[in-house]
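Structure first, commentary second.
The values are calculated or read from the model by the stated rules, or taken from the named source; none is laboratory data. Since the structure is predicted, the reported quantities are computational estimates derived from the model, not experimental observations. All Cβ positions, glycine included, derive from the backbone under ideal geometry; neighbour counts span all protein chains shown. Side chains are part of the model used for accessible areas, which takes the heavy atoms of the whole protein and leaves out ligands, DNA and RNA. Shrake-Rupley method; radii C 1.70, N 1.55, O 1.52, S 1.80 Å.
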Amino acid sequence: YEGLHLTVVQDKSVLGRLSNTASNIIKRNIDPFYGAPTVVIISSVEPVIERLAYANAGCIAENMMLQATDAKIVSVIIRSAGAAVEKDTELKKSLMIPEGFTALFSVAFGYPTSDEQPEKDLGITISTNRI
């Protein structure tokens, strides 16, 4: 599909710059990428149907994350990465994101620090109704 672009980042200095910019955006002094060695930035052109880019990017992210899980690789969506890339024009240029594309978000990939990671209850529920 010509309307989407993936940028795979593994260069430590670029990951550091991306992390610093994203951490400033969320106003927290943390590494939003959790030290992951690989970050995939998903970018899109604005499609004819509004917000379709996010739906398409979400499908790509989900499929990458499912494949990663099968390979025992952990992953997490990082929303602030898109804003970080768009805020730092020099960073965006160094990432070679094509002209006319907007960075939406990213997925960070890495290996767990231990085999037994406790599951967190995020307390998230989705309201549902039945008609």
- Message: Of the conditions (1) under 16 Å from the mean Cα position of the chain (by Cα); (2) open to solvent by 40 Å² or more (accessible area, probe 1.4 Å); (3) at pLDDT below 95, residue 105 satisfies every one except a single condition; which number is it?
- Response: (2)
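Per-residue answers, yes or no, for (1) of a type in the set (Ser, Thr, Tyr); (2) in contact with a strand residue (DSSP E or B) (Cβ under 7 Å, 6 or more places away or on another chain); (3) within 15 Å of residue 19 (Cα to Cα):
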| position | (1), (2), (3) |
| --- | --- |
| 50 | no, no, no |
| 59 | no, no, no |
| 62 | no, no, no |
| 73 | no, yes, no |
| 81 | no, yes, yes |
| 91 | no, no, yes |
| 98 | no, yes, no |
| 105 | no, yes, yes |
